[in-house]
1. To the nearest Å, what is the center-to-center distance of the stretch A:344-399 and the stretch A:153-186, using C-alpha atoms only?
2. Between the helical axis of A:340-351 and the dominant principal axis of chain A, each derived from Cα atoms, what acute angle in degrees is found, rounded to the nearest 10?
3. Where does helix A:305-314 land angle-wise versus the long Cα axis of chain A, in degrees 0 to 90, nearest 10?
4. With every atom except the alpha carbons ignored, what do you get for Rg and Dmax of the stretch A:273-345, in angstroms?
5. Using only C-alpha positions, report the orientation-averaged shadow area of the convex hull of the stretch A:352-391, nm², one decimal.
6. Report the extension gain between residue A:479 and residue A:308 in nm, rounded to one decimal, defined as 0.36 nm multiplied by the number of residues separating them, less their alpha carbon distance.
7. Once fully extended, how much extra length lies between residue A:410 and residue A:103, figured as 0.36 nm per residue of separation less the alpha-carbon to alpha-carbon distance?
8. Using only the Cα atoms of the stretch A:230-305, build the gyration tensor, take square roots of its eigenvalues as a ≥ b ≥ c, and label the shape rounded, prolate or oblate: rounded if a/c is under 1.5, else prolate if a/b is larger than b/c, else oblate.
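Read the figures in this text as sums done on the coordinates, not as results from a lab. Keep in mind that what you see is a predicted model, and the values were worked out from it rather than measured. Reconstructed Cβ throughout: ideal geometry from the backbone, glycine too, with neighbour counts over all protein chains shown.
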RNA sequence: GCGGGAAUAGCUCAGCGGUAGAGCGCCAGCCUUCCAAGCUGGGGGUCGCGGGUUCGAAUCCCGUUUCCCGCUCCA
């Protein structure tokens, strides 16, 4: 599929709008519309439930976005997140100024009649003695003066800028967890291993935002910091390494559980040169996006780096008392860090399908029922029959108390179904003449409605009294076939 | 920041010097008892913005902003 198709659908159907669009839009920022916010909330809710509420070893946290500036000194972000960069004026390549002298460079040597060859990093040319001044890649272009790239959003706490304390919008939610490690440990009486989870906004001045909501400067993370005792072993392996593997499996399974096709997911191990300054090992969960395989979630072994740094900078002890070994330990931490917006994009991309039905194109979002923004649409088959409309409205109001339900009577039934398909509504309930009967002919209604399933377009006839219990199952764990079996099929 | 492309209706796009168009969607009515049916009607755009050329600019020129795609970078 093409990303533009999805961008267009998202706008047209109220999932995602360009930020500040009436002013021409603003780069890299996107707003979630009425359906988008439901979808995103559902994703976050599923993540929270599966990773926090259903696990005895996990607790949650919601830390402030603005933190003490020293946090970012301790975490290493202030040093590592700001790089001086230079550009080649000829070939447009960009380089880190501080790494320029380390890399080999292309040289057109005047002493050898302008022959082109590569000189090792940091060394002068053996023939003419020249040192590198031009672009190391093309050997021809001049480089611009170094420019400072600050990947953190700097801001001021306090209304008077001169007197205010400089701080930063957090570039990751993780640090909020680390600085609260001891608070959580003490208040919740936790034993290793345990994890702290957090969902929240983070901000990075990405050099190259883009690909719709894939890389944005303001984004939402779903992070877990899972603390383990480095002195323990599991099946003969250090606990941190064993838990790293477990979390990779667990997280991969999570995406599959909510409908992402296995062959669109893969794990990619970082090689040594790619590792962040704190990481012992990192593996990414990648999804096959329209623009190629890209990271959904990074699962890193951050070792005891962060707790040690914060202990040092704050002067507070951030240790855990190991009763068995009668010693204080600094836990190691495994960090599964997922992007909420990226997940949402992956769920959308994976769910989007076009198919041909009776010679017409049908666009359907096969979203997992737990994620679908609206669960049920109630549709009257005939709009001018007031009894049908009244029954449909009544049904809608009843169902809406428990599930996100919409009512629509503004078009013919076929069109109404297609609209719901396009936004991924898993079930439609249709009220027809048989439901309410025909008082002119003295016929009583059967008080049954049709439930139509999105993916198969199959329909069953269900008594209104059963609806609540049927949707409990259809929107819970039960498979469609399992539920549908008990009811007569309706022809479409 | 550099290079390239683009900016016209909600969406997709045509128009490329002579008073703003199509398809789809949307809204209303008629019709219709189950998968984008039909008919009638309707709303909606100072053609990104600013300047210039011209009798006349969506169209040509200059500037500018924004978006998209590459490149550099991604904790």
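1. Taking the Cα centre of the stretch A:153-186 as reference, the centre of the stretch A:344-399 is 44 Å away.
2. Taking the Cα atoms of chain A, the angle to A:340-351 is about 50 degrees.
3. 70 degrees
4. According to the Cα coordinates of the stretch A:273-345, Rg and Dmax are 16.6, 53 Å.
5. Result: 4.4 nm².
6. 56.7 nm
7. Length difference between fully extended and current span is 104.0 nm.
8. oblate
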